[in-house]
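**Q** I'd like to ask some things about the structure below.
The values are calculated or read from the model by the stated rules, or taken from the named source; none is laboratory data. Everything quoted here is computed from the prediction, not taken from an experiment. A quick note on method: Cβ atoms are made from the backbone with ideal geometry, for glycine too, and the neighbour counts reach across all protein chains shown.
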Amino acid sequence: MAKDLDQREMIASLRREKDYLLMRIDMLEATHKFVCEARKLEIWFLKHKLDEIDNTVKFYSGVLGVLKRENIDLKLKLEEENQLIKAYVLLNTMGIELLKKKNELVKIQIEELEAKVAELRINGRSRTMRFLSLIDENKQVSAESVVNLD
C-alpha cells in the first residue's frame, strides 16, 4: 500500500508538474503572441515612417532638381548679364576714346581756323594799310593836281 500511495503521490506530483508546465506554455504562448503583435505593430509604424521619409526624399529630390535647373538658368543669365556689362563698358570706353580723338581733332581744327583768322587779319591789315596808303597817295596826287591847276 505504501507503494500504491507513493505511486499516487508521484502521479499527482507529475500531474501538478504537467499542469504547471502547460500553464507555463500557455503563458509563454501568450507572451509570444503579445511580443509578435507588438513587433508587427512596430514594423507597421516603421514601414509608414519609412514611406513618409521616402516620400519626403522624393519631394526634396524633385525640389532639388528644380533648384539645380533654376541655378543653371540663373548662372547662364548672370553670365549673359556679365557679357552685356563687359560689352557696355567696352562701348563706353570706345565712346570715350572716340570723344577724346574728336576733341583732339576739333582742337586741331580750331587751331587751324585760328591760324587762318590770324593770317586773314594780317592780310586784312596789310590790305587796309595798302588801301590807306593808296588813299593817301591819291589825296597827295589830288592835292598836287589841285595845286598845279591853280
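**Q** Is at least one residue of segment 124-141 in a helix (DSSP H, G or I), at pLDDT 85 or above and β-branched (Val, Ile, Thr)?
**A** no
**Q** A follow-up question, please. Taking Leu64 as the residue in question, decide whether it is part of a helix (DSSP H, G or I), surrounded by fewer than 10 Cβ atoms within 10 Å (Cβ to Cβ) and either at pLDDT below 95 or of a type outside the set (A, V, I, L, M, F, W, C) (or both). Give the derivation first.
**A** Details: part of a helix (DSSP H, G or I): yes; surrounded by fewer than 10 Cβ atoms within 10 Å (Cβ to Cβ): no; either at pLDDT below 95 or of a type outside the set (A, V, I, L, M, F, W, C) (or both): yes.
Spelling it out, it is not the case that Leu64 is part of a helix (DSSP H, G or I), surrounded by fewer than 10 Cβ atoms within 10 Å (Cβ to Cβ) and either at pLDDT below 95 or of a type outside the set (A, V, I, L, M, F, W, C) (or both).
**Q** Here is a follow-up. Can Glu80 be described as of a type in the set (Asp, Glu), at pLDDT 95 or above, at negative phi and out of contact with any His (no Cβ under 9 Å at 6 or more places or on another chain)? Full working, then the answer.
**A** On the way: of a type in the set (Asp, Glu): yes; at pLDDT 95 or above: yes; at negative phi: yes; out of contact with any His (no Cβ under 9 Å at 6 or more places or on another chain): yes.
It is true that Glu80 is of a type in the set (Asp, Glu), at pLDDT 95 or above, at negative phi and out of contact with any His (no Cβ under 9 Å at 6 or more places or on another chain).
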